[in-house]
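Peer 1: Got a structure for you, questions after.
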Amino acid sequence: MKRGTTVFLKAALIVIGLLVLGLCIFALPRLAGYSAETFPEYASLRYPVLIGMYVTVIPFFIGLFQAWRLLQYIEKNEAFSKLAVGSLGLIKVCAAVIGAIYIIGMVVLFVQNALHPGIALMGLVIVFATLVVSVFAAVLQALLKNAIEFKEENELTI
């Protein structure tokens with residue numbers, strides 16, 4: 001792959017990471033405060049929901065870092081390596097963890113009769129997106145494993 005393509009993808013990862021970090025630092029606390037003031041009956045959920053949102057950022061940044069490493073492997077022509085398979089596996093797990101956290105959060109809000117349909121819809125979109133990322137990473141991981149096995153078999157053949 002051309003270096004320009006990986007540079008563009010690395011820049012996209014940096015922009016995405018900075019946007020999410022900015023949202024976590026500036027937007028989420030303000031939004032939580034605004035929601036607590038606007039809907040005082042749900043003010044007790046302000047910090048649990050905020051903590052849940054921050055917890056999902058941890059696997060997000062782990063997945064982002066693994067995507068960065070994957071791009072580095074591609075630049076070094078090590079895309080067909082067990083390290084790349086490991087990075088895809090971590091991306092798959094991180095996406096699944098994010099989806100699971102959102103499902104648990106929506107169930108908790110539903111049980112407390114605090115799940116607004118708009119919030120449920122946004123949560124379902126996030127769960128669906130993480131499911132797509134997780135399945136796509138799993139498919140790529142399986143394909144990469146097969147390609148590595150095929151490559152190793154070809155190297156052993158005279």
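The values are calculated or read from the model by the stated rules, or taken from the named source; none is laboratory data. This is a predicted model, so every value here is computed, not measured. Here Cβ is always computed from backbone atoms with ideal geometry, including for glycine, and neighbour counts include all displayed protein chains.
Peer 1: Kindly evaluate Phe60 against the criterion of being assigned to a helix (DSSP H, G or I), touching a residue at least 24 places away in the same chain (Cβ under 8 Å), within 30 Å of Leu143 (Cα to Cα) and out of contact with any Lys or Arg (no Cβ under 8 Å at 6 or more places or on another chain).
Peer 2: Taking the combined requirement at face value, the residue satisfies it.
Peer 1: One residue is enough: does segment 125-141 have a residue meeting the conditions among the small types (Gly, Ala, Ser), surrounded by fewer than 18 Cβ atoms within 10 Å (Cβ to Cβ) and either in contact with a Cys (Cβ under 6 Å, 6 or more places away or on another chain) or assigned to a loop (DSSP other than H, G, I, E, B) (or both)?
Peer 2: no
Peer 1: What do you reckon, is Val85 touching a Lys or Arg at 6+ places or on another chain (Cβ under 7 Å), part of a helix (DSSP H, G or I), of a type in the set (A, V, I, L, M) and surrounded by 15 or more Cβ atoms within 10 Å (Cβ to Cβ)?
Peer 2: For Val85, the condition - touching a Lys or Arg at 6+ places or on another chain (Cβ under 7 Å), part of a helix (DSSP H, G or I), of a type in the set (A, V, I, L, M) and surrounded by 15 or more Cβ atoms within 10 Å (Cβ to Cβ) - is met.
Peer 1: From Ile25, Ile98, Ile91, which residue is exposed (fewer than 13 other Cβ atoms within 10 Å of the Cβ), under 21 Å from the mean Cα position of the chain (by Cα) and either within 30 Å of Lys151 (Cβ to Cβ) or modelled with pLDDT of 95 or more (or both)?
Peer 2: Within the list Ile25, Ile98, Ile91, the selection yields Ile25.
Peer 1: Restricting to segment 112-145, and then to whatever is polar (S, T, N, Q) and at pLDDT 95 or above, can you tell me which residue is farthest from the chain's Cα centre (by Cα)?
Peer 2: For segment 112-145, the residue satisfying everything is Gln141.
Peer 1: Glu153 is checked against (1) within 13 Å of the chain's Cα centre (by Cα); (2) modelled with pLDDT under 95 and fails just one. What number does that condition carry?
Peer 2: For Glu153, the failing item is (1).
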